[in-house]
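Below: the structure, in structure tokens.
The values are calculated or read from the model by the stated rules, or taken from the named source; none is laboratory data. What you are looking at is a predicted structure, and each value in this text was computed from that prediction instead of being measured. FYI the Cβ positions are ideal-geometry reconstructions off the backbone, even for glycines, and counts take in every protein chain you see.
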Amino acid sequence: MRLSTDPARDDARSLEVLAAAIDGGVALLDTADVYALDDSEIGHNESLIAKLGKRVEIVTKGGLARDGEAWIPSGRAKHLGGAARASRDRLGVDVIDLYLLHAVDPRVPLATSVRALAKLRDAGIVRAVGLSNVGVHQLEQALEVCPIAAVEVELSPYKLDAIRGGLLRACSERGIRVLAHRPLGGPAGVKRLGRDKRVRELAETLDVTPAELVLGWLQALGTIPLPGATRVETARSVARAGSLVLPDEIVRALDEHFVSIGGAAVTASGEAREVVVIAGMPAAGKSTLAADYEARGYVRLNRDDRGGTLLELAKALDRELSAGAAKVVLDNTYGTRASRQPVIAIANRHGVPVKCVACATSFDDAQANAISRMLDLHGRVLMPEELRQARMIAPNAQFKYRRLYEPPRTDEGFTSVDEVPFARKPSSGTQRALVVHLDTNVWRTRSGAPADQRLVDGARERLAAFHAAGYVLAGTTWMTSPSLDSWLVDALALPLTILRCSHPGGPPICWCRKPMPGLLLELARAQSIDLSRSIYAGALPIDRTYAKRAGMQFADLTAGWPEP
């Protein structure tokens with residue numbers, strides 16, 4: 001990748017690096033269509049490889065797009081079909097040896113993307129297909145669609161999710177090749193290995209470099225490491241590592257050094273012992289469950305209280321069990337198999353059963369719960385910069401969790417997995433409200449000029465009817481400004497609270513943007529509104545979602561105004 005993405009690249013030097021690797025015995029080159037400086041030169045890396053002639057197996061990837069310098073998932077079938085054919089042509093081959101989905105697109109069902117790969121294989125565009133940057137759960141979903149020949153995933157001494165999450169084992173059991181990108185942890189990882197006393201000692205016994213030793217270890221684990229050499233001497237070192245066969249005792253020593261967690265187990269006491277892992281997305285209600293366990297005598301381990309990493313928290317569990325703790329509860333998101341594995345491994349080593357309690361909280365309820373906590377503590381919806389300062393949950397944390405979530409299962413080592421439903425607290429409000437999306441439904445403008453603003457026919461009368469029936473009136477808007485707000489309230493001659501998100505477009509960074517229900521929940525607190533007895537009226541699909549997340553009834557204005 002870096003032969004094409006480094007601004008200081010030199011194509012002539014890059015070809016020398018590639019030739020040195022192949023001459024030394026490297027038998028596989030991994031590339032992708034988006035390995036380029038920006039979107040103006042898609043395919044640069046593939047075109048570079050094509051200049052060598054087809055001398056080794058070539059793996060390339062599709063399913064990302066470039067927007068300038070940004071990398072954006074694009075897993076639609078049409079995109080993958082066009083990308084694969086373009087990659088084949090740039091590589092100058094009749095058929096691509098192995099074609100991978102570069103990244104899962106959260107906007108596209110994984111099965112849709114995998115079916116597109118299968119069609120490319122059936123059409124003879126590619127010989128075999130695979131996935132990149134996935135976990136066990138996604139691999140299993142893909143295998144229901146078509147055979148998967150390979151999985152590419154980040155794996156290094158400092159990124160062990162593929163081992164801890166069971167992906168390496170799952171691939172081995174199914175005969176699926178594992179390609180390990182960033183196998184040394186990048187340039188910083190190479191430097192870190194050079195400072196690692198134990199690694200240097202083991203490397204010296206074999207007269208190899210620390211980097212060569214680690215590449216040999218990853219090969220011994222059954223992977224094909226993909227180091228990103230950018231110099232001829234580094235490429236030759238990579239080639240030497242490819243023929244390195246480590247003695248079993250060296251492999252075991254590296255396993256112990258990099259993978260193992262904690263010290264020796266202690267003899268279990270006569271008291272019944274248990275470790276409970278409470279898993280769920282941010283604001284899923286884990287703290288409430290954990291507090292109940294704590295009240296029953298469980299030692300509680302939580303990263304929010306202790307800080308640090310989940311791995312450090314697992315080591316804290318090791319210390320608690322070693323000290324004789326009988327019952328321990330850990331409540332963190334634990335969204336992936338890899339994040340849960342250290343806890344299971346330590347509990348098993350101590351002979352303590354570990355069960356999982358999964359918060360079966362809907363995305364809508366988790367969003368509402370996060371906002372309710374914020375309102376409890378601060379009395380209003382915080383702005384993005386305030387969220388960071390107050391260490392409150394931001395929307396992107398929940399979106400990321402949903403994207404990466406792997407449902408907990410007993411095959412991970414849990415004695416049981418129990419799902420606990422979430423129940424929203426009943427509203428304490430007493431008033432009903434009608435909230436309307438104002439733009440085009442209550443007011444309109446053709447030019448945007450103040451003189452062109454007008455009320456939609458009949459809108460004022462409908463709002464007045466709800467006001468007469470005792471409803472609180474409010475409206476959401478994308479378009480209005482404070483000056484237009486004043487005009488609108490005057491034109492309606494009705495008490496109207498206007499709710500507006502002023503943040504720019506793009507990935508959600510605030511709780512006030514639709515369909516995040518922050519402003520509706522804040523309104524309910526401020527004016528004692530029972531949202532379950534209230535109506536949100538709009539004409540767009542996002543309006544329906546907005547009402548659902550706030551726990552409101554929805555009125556579709558395309559079918560006419562609701563009755564009070």
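Remarks
- Among the residues here, Leu155 qualifies as buried (at least 19 other Cβ atoms within 10 Å of the Cβ), within 21 Å of the chain's Cα centre (by Cα), aliphatic (A, V, I, L, M) and closer than 21 Å to Arg337 by Cα.
- Yes/no for Asp89 being at pLDDT 95 or above, part of a helix (DSSP H, G or I), farther than 15 Å from Leu117 by Cβ and out of contact with any Ser or Thr (no Cβ under 9 Å at 6 or more places or on another chain): yes
- On inspection, Arg337 passes the criterion of being in contact with a helix residue (DSSP H, G or I) (Cβ under 8 Å, 6 or more places away or on another chain), touching a residue at least 12 places away in the same chain (Cβ under 8 Å) and either closer than 20 Å to Ile393 by Cβ or not β-branched (Val, Ile, Thr) (or both).
- Only one entry of Ala290, Ala316, Ala326 meets the criterion of being within 28 Å of Lys159 (Cβ to Cβ), assigned by TED's automatic domain parsing to the domain that holds Pro395, touching a strand residue (DSSP E or B) at 6+ places or on another chain (Cβ under 8 Å) and among the small types (Gly, Ala, Ser), and that entry is Ala316.
- Count of the range 286-318 residues, restricted to those that are of a type in the set (Lys, Arg), surrounded by 13 or more Cβ atoms within 10 Å (Cβ to Cβ) and in a helix (DSSP H, G or I), is 3.
- With respect to the stated conditions, Ala103 fails to be assigned to a helix (DSSP H, G or I), within 29 Å of the chain's Cα centre (by Cα) and under 25 Å from Gly135 (Cα atoms).
- Val190 of a type in the set (A, V, I, L, M), within 16 Å of Gly228 (Cα to Cα) and touching a helix residue (DSSP H, G or I) at 6+ places or on another chain (Cβ under 9 Å): yes
- Pair list, Cβ < 8 Å and 6+ apart or interchain, from the range 230-251 residues that are over 14 Å from Val190 (Cβ atoms) to residues that are of a type in the set (Asp, Glu) and surrounded by 18 or more Cβ atoms within 10 Å (Cβ to Cβ): Arg240/Glu212; Leu244/Glu212
- Residue match in the range 65-85 (condition: among the hydroxyl-bearing types (Ser, Thr, Tyr) and crowded, with 21+ Cβ neighbours inside 10 Å): yes
- Which listed residue is among the charged types (D, E, K, R), touching a strand residue (DSSP E or B) at 6+ places or on another chain (Cβ under 7 Å), surrounded by fewer than 17 Cβ atoms within 10 Å (Cβ to Cβ) and within 22 Å of Asp97 (Cα to Cα), from Arg115, Arg127, Arg174: Arg127
- Residue check for Ala142: among the small types (Gly, Ala, Ser), surrounded by 21 or more Cβ atoms within 10 Å (Cβ to Cβ), touching a Phe, Trp or Tyr at 6+ places or on another chain (Cβ under 7 Å) and more than 20 Å from Arg182 (Cα to Cα): no
- Of the criteria (1) over 24 Å from the mean Cα position of the chain (by Cα); (2) surrounded by fewer than 22 Cβ atoms within 10 Å (Cβ to Cβ), which one Asp364 fails: (1)
- Pairing residues of the range 422-443 that are loosely packed, with under 14 Cβ neighbours inside 10 Å with residues that are assigned to a strand (DSSP E or B) and of a type in the set (Val, Ile, Thr), at Cβ distances under 9 Å and at least 6 apart in sequence or on separate chains, gives Thr430/Ile529.
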